[in-house]
Amino acid sequence: MADQTSDSTSPVAPLSVSSPTATKKDNTNPVDSKLTELNESRAELLNRIQNLKQDLQSWRGKLDTQVKVYREELSGLKKTLNLEVEQLRELQDSKEQIDKRSEVTEEKVEALSTDDNAKEAEH
């Protein structure tokens, strides 16, 4: 029985069994290392994609905020501009009324002046 035990664990048996395994390990080590490298690369890419997504969301949020601020500013400027345009129209109307009154006044002054000249000519 001791012979059978020593025969089954003889150095020849493990070499024959380990030789194909050693060859497979030699073949799988580059594959395993390549898989590990690809997995690491994939993890890095996924991390970069997540960071880019977060950056994009942050950028969109900031952009939306800026758009809102600019719209509010434009709305305020539009109201101010409309008020100023209305004031300019009122000033234009006032100027036109003053010009008309001035013309009427000039006509009356000329008429009075003509009447005075006519009265002086009669005397």
- Tell me, what HN-Hα J-couplings in whole Hz come from the Karplus equation 6.51 cos²θ - 1.76 cosθ + 1.60 at θ = phi - 60° for each residue of the range 50-57, using x for Gly and Pro? 4, 4, 5, 4, 5, 4, 5, 5
- Note on the structure: With a ≥ b ≥ c from the Cα gyration tensor eigenvalues, square-rooted, and the rule rounded for a/c under 1.5, otherwise prolate when a/b > b/c and oblate otherwise, the range 53-121 is prolate
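Read-outs: derived from the displayed coordinates by stated rules, not from any lab. Predicted model, so just to flag it, every value in this text is computed and none were measured.
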